[in-house]
Amino acid sequence: MRRRLHITQTLPQFTNERALFIVTGTKSLELYEAMNGTIENVLSYRIEAPEYSDKEGHFAKRRGGKTLASGAVREDVEASLRVKFLRQLESSLQTIMHSGKVTAAYIFSPQHMMNDVVKVMPRAIQKQTKKVVQGNFTKLHPFEVLQKIVDKGEEKVQVITSEAMKLLQKAQLQTNLH
């Protein structure tokens, strides 16, 4: 259920602009849209990991009495869940882009996910990115997320300059070529 909340006066009001807040965890997303004194959760999802009864699927490759490699199928499941999450994120952001122009974007993501999140973002959203905050904030209230862009507190906050955005885009192009 989508609910539009009126933003408290002590927080930015986003008058005459459409700000997008991309708040990700490792397998969860909260997508907020703020404009003209209101904020709305436009999308929320979580990719669920399958439940296993035990540590099934362990394997080992052997040759000539020596173990060459070993691992668990579960590791492949984690990688596939991450890919599934990033594809869903990319699709969701494309849908948001088709619903109107975004004038500002704020990214909240754990450090280990940040590069992947930026890579799947449409170029138009990348260009509008105003601030990047590292951490998992998916369980916070929208006003607490808004407070993170105002605070210069304990979290690692990084303001994206135009030069940094160009480097990110260049890295994305090189990744796409390989």
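Taken together, the values in this text are just the output of simple stated rules run on the coordinates, not laboratory data. Predicted model only: the values in this text are computed from it and were never measured.
What full-extension length gain, to one decimal in nm, is calculated for Lys170 and Phe143 as 0.36 nm per residue of separation minus the Cα-Cα distance? Don't skip to the end; give the middle numbers.
Working: separation 27, 0.36 × 27 = 9.72 nm, distance 3.37 nm.
The Lys170-Phe143 span can extend by a further 6.4 nm.
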The long-range amide H neighbours of Gly135, using H built 1.01 Å from N in the peptide plane and a cut-off of under 5 Å, are Ser109, Gln111
Given backbone amide H placed at 1.01 Å from N, residues whose amide H is under 5 Å from that of Gln13, ignoring those fewer than 5 places away on the same chain, are none
Under the Karplus relation with 6.51, -1.76 and 1.60 and θ = phi - 60°, whole-Hz ³J(HN,Hα) for region 13-20, x at Gly and Pro, equal 9, 6, 5, 6, 9, 10, 9, 10
